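Asker: Below you'll find the structure I mean.
The values are calculated or read from the model by the stated rules, or taken from the named source; none is laboratory data. The model shown is predicted, which means the values in this text are computed figures rather than measured ones. Cβ atoms come from the backbone with ideal geometry, glycine included; neighbour counts cover every protein chain shown. Only protein heavy atoms, including side chains, enter the accessible area calculation; ligands, DNA and RNA are left aside. Shrake-Rupley method; radii C 1.70, N 1.55, O 1.52, S 1.80 Å.
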Amino acid sequence: MSANEDAITNWFAGQRKLAKSDFPIGIGDDMAQIRLAKDTSVLITTDILLEGVHFDFATATLKQIGYKAMAVSISDCAAMATIPIAAVVSVGLPKGFGQRQLKQLHAGIILAADKFNCKLIGGDIAGWKTKKPFVINVAMLSKPAANKPVKRSGAKVGDCICVTGSLGGSGESPDYKHLTFEPRVKEAIEIAKMVTINAMLDISDGLSSDLNRICRQSGVGAIINAEDIPISPQAVRLSSPQAKKNKEPLKAALNDGEDFELLFTLSTKDCEKLLKNWNNKTAITKIGEITNTNKMQIKTADGKIKNLEISGYDHLKI
Ligand SMILES: [Mg+2]
């Protein structure tokens, strides 16, 4: 489970206190916020993608890798309901990579950048001298929309828990949704215009792990209804007779990483208003409620309530 990553992130955050006046949002959210002047601030995030972990050349083109690298950071801008501004991109190149490969990568970077009006404003290129894997890192800036940037820590007891789109199976063939997903920037800003979002993040390590993050950072519990979780077509296919992997679609929806859908909480009243008035093509589904139990629970189809196992992707698993 990704408690490892959260533990070390907390340790980092504890080493030096950041002044709230200068850094309203510090280490541990989807982006950090830097105050530049009284009513002016900018947000920043960085994401590193490793060959063999976040992509493989057997299943991804360089254009897709460039797209994904940008889309992952743009998704963090969505997670705060902020507007992407600009990015710098650094790459560590395997031996033999030249201009041709960099142009293919650039095509993917620009595809994502143009879609969200986010400019590529610089970067760095370094080449390995020996046979080493490909690495790409994006650092991205965003600015607040009309709403305040939405943190992970604002969930309140009684809130509804909602997700956009559908979950699970993003790494499965033939779709490889993790390479082509659409960051939910427009949706996030639209939702924030209609209602007050109390807490939000983008699901990168799996619903169970990421909901746990909202709960831990907000000091609350949660109960979700198994039957209400929108399971993606890619996850549903896992249970077909043709699927070689014997994986339960619900488990895939709960624990697979890289869905990059929004997970957010809001008051019951705002949730009703949102679901009634939402007519964007990206679905929003209510999947549960925030509780005061401090536990993560799931109500199964037979009506039983169980503790929700947190077993999403762990970046620090040895
Ligand atoms: Mg994120």
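Asker: Suppose we keep only residues that are away from the ligand (no atom under 12 Å from the Cβ) and open to solvent by 10 Å² or more (accessible area, probe 1.4 Å) within the stretch 196-211. Which one would you say is farthest from PRO249 (Cα to Cα)?
Answerer: THR196
Asker: For HIS178, all conditions in the list (1) in contact with a His (Cβ under 9 Å, 6 or more places away or on another chain); (2) assigned to a loop (DSSP other than H, G, I, E, B) hold save one; what is the number of the exception?
Answerer: (2)
Asker: Within the group ALA222, ALA252, ALA226, which residue is of a type outside the set (S, T, N, Q), farther than 19 Å from GLU289 by Cα and buried (at least 17 other Cβ atoms within 10 Å of the Cβ)? Explain how you work it out, then say what you get.
Answerer: On the way: ALA222 fails: farther than 19 Å from GLU289 by Cα; ALA226 fails: farther than 19 Å from GLU289 by Cα.
Exactly one residue qualifies, and that residue is ALA252.
Asker: Is one or more of the residues making up the stretch 283-296 closer than 26 Å to ALA146 by Cβ and surrounded by 24 or more Cβ atoms within 10 Å (Cβ to Cβ)?
Answerer: yes
Asker: From the set of residues in the stretch 130-161 that are in contact with a Lys or Arg (Cβ under 7 Å, 6 or more places away or on another chain) and modelled with pLDDT under 95, which is least open to solvent (accessible area, probe 1.4 Å)?
Answerer: The qualifying residue least open to solvent (accessible area, probe 1.4 Å) is THR130.
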